[in-house]
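What follows draws every value from the coordinates through simple rules; no lab data is involved. What you are looking at is a predicted structure, and each value in this text was computed from that prediction instead of being measured. Glycine gets a Cβ as well: all are built from the backbone with ideal geometry, and neighbour counts include every protein chain shown.
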Amino acid sequence: MTVTAILSALPQEQGSLVQALQNPERIEHAGRSFWRGQLHGQLLVLALSGIGKVAAASTSASLIERFGVQRLVFTGVAGGLGAGVQVGDVVLAREFLQHDMDASPLFARWQVPGHAVRMACDESLTAMLSIAASHGLALGNAGFDHEKTPPRLHQGLIASGDRFVSTAAASQQLRQELLAAGHDALAVEMEGAAVAQVCHEHGLPFAAIRTISDRADDSAHVDFTHFVRHVAGPRADAIVHAFLRLLPK
């Protein structure tokens, strides 16, 4: 049976998935705790990568090499970057790029040598996540009043880098630089593009979905813990449960 990995950066982003596992087994490897078990008839490995591209790449490699996973899904939070992407919305990745990669003039800016500038997610997994996202959006924003409009689903490009974009000036500069080169990034975070690269190199299907916790500006630190615990975590639970039910047995 195919083994599926669900990866998040922080415990709060993982929700209560560990508690939901059937026949859970905890395995310590390479400084990480991995949980193996079953859920909705699927063999599952849950892991926390920690923050940043190196941590995410290392954990992804362990999931593939040590645990033999055959598809990988990342859930968590991100900062909103695109027009109309608001706090509480969900962004489903279609592609990733590394916004802090710059090997020019040897390679194009943002290009990881040996790869395209933008790395595509798996179409089949992404389509199932899109369906599953409706279950998470149905939860609303759980009383989080930063935004009054109902949460929406966006699909497109996510930018990753080892920098927490937390000021309006930095957010605007990043968005403008990417847009000028034709890259309309909807969200920014710190892990997804690295996971995408590892999965591409191993020929592994990969998909990712993020709840927008802030607008990657001067309010990026406001109520983050509350939001992740009460909105992003429960939403990840709902999406992952629905996604697993859609996977072929």
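Binning at 5 Å from 0, report for the chain what percent of all alpha-carbon pair distances ends up in each bin.
Whole-percent P(r) values from 0 Å outward: 1, 7, 15, 20, 21, 17, 11, 6, 2, 0, 0.
What is the gain in length, in nm to one decimal, between residue 61 and residue 224 on full extension, counting 0.36 nm per residue of separation less the C-alpha to C-alpha distance?
Working: separation 163, 0.36 × 163 = 58.68 nm, distance 2.88 nm.
Difference between extended and current length: 55.8 nm.
How much length, in nm to one decimal, is gained on full extension between residue 2 and residue 149, taken as 0.36 nm per residue of separation minus their Cα-Cα distance?
Working: separation 147, 0.36 × 147 = 52.92 nm, distance 3.88 nm.
Extra length available between residue 2 and residue 149 comes to 49.0 nm.
I'd like the projected area of the range 1-86, averaged over all directions, using the convex hull of its alpha carbons. Report it in nm² with one decimal. Provide the component values of the computation, followed by the final result.
Details: hull surface 25.9 nm².
Projected area, direction-averaged: 6.5 nm².
Per DSSP helix of 4 or more residues, -39500 (n - 2.57); summed, then divided by the residues of the chain. What does that give at 222 nm, rounded to the nearest 500? Can you show the working numbers first?
Details: 8 runs with 78 residues, N = 249.
The per-residue figure over the chain is -9000 deg cm²/dmol.
How much length, in nm to one decimal, is gained on full extension between residue 249 and residue 109, taken as 0.36 nm per residue of separation minus their Cα-Cα distance? Don't jump to the answer; show the numbers that get you there.
Working: separation 140, 0.36 × 140 = 50.40 nm, distance 4.18 nm.
Net length gain for the segment: 46.2 nm.
May I have the pair-distance distribution P(r) for the range 78-183, computed from all Cα-Cα distances with 5 Å bins from 0 and rounded to whole percent?
Histogram of Cα-Cα distances, whole percents per bin: 2, 11, 18, 20, 19, 15, 9, 4, 2, 0.
Give the residue list of GluC sites (Glu not before Pro) in the range 74-183 that are DSSP loop and have at most 11 other beta-carbon atoms within 10 angstrom. Working shown, then result.
Values: sites: 95, 123, 147, 177; in loops: 147.
Those that pass, being in a loop and sparsely packed, number zero.
So, with +1 on the Cβ of K and R and -1 on the Cβ of D and E, and no other charges, what is the size of the charge dipole of the chain about its Cα centre, to the nearest 20 debye? Kindly include the intermediate steps, with their values, before the conclusion.
Numbers: 19 positive and 23 negative charges, 118 e Å.
I would put it at about 560 debye.
Between residue 116 and residue 51, what's the calculated FRET efficiency when r is the beta-carbon distance and R0 is 30 Å? Round to 0.05. Don't skip to the end; give the middle numbers.
Details: r = 25 Å, r/R0 = 0.85.
With R0 = 30 Å, the Cβ-Cβ based efficiency is 0.75.
Just for the range 3-246, what percent of DSSP beta bridges are antiparallel, to the closest 5?
Numbers: 19 of 49 bridges.
Of the beta bridges lying entirely in the range 3-246, close to 40 percent run antiparallel.
Looking at the range 51-86, which trypsin sites (Lys or Arg not before Pro) are in a loop (DSSP not H, G, I, E or B) and have at most 15 other Cβ atoms within 10 Å? List each step's numbers first, then the result.
Numbers: sites: 53, 66, 71; in loops: 66.
For trypsin sites (Lys or Arg not before Pro) across the range 51-86 that sit outside H, G, I, E and B with at most 15 neighbouring Cβ atoms in 10 Å, the list reads 66.
Once R0 is set to 30 Å, what does the formula 1/(1 + (r/R0)^6) return for the Cβ-Cβ distance between residue 163 and residue 33, expressed as a FRET efficiency to the nearest 0.05?
On the way: r = 27 Å, r/R0 = 0.89.
Efficiency for this residue pair is about 0.65.
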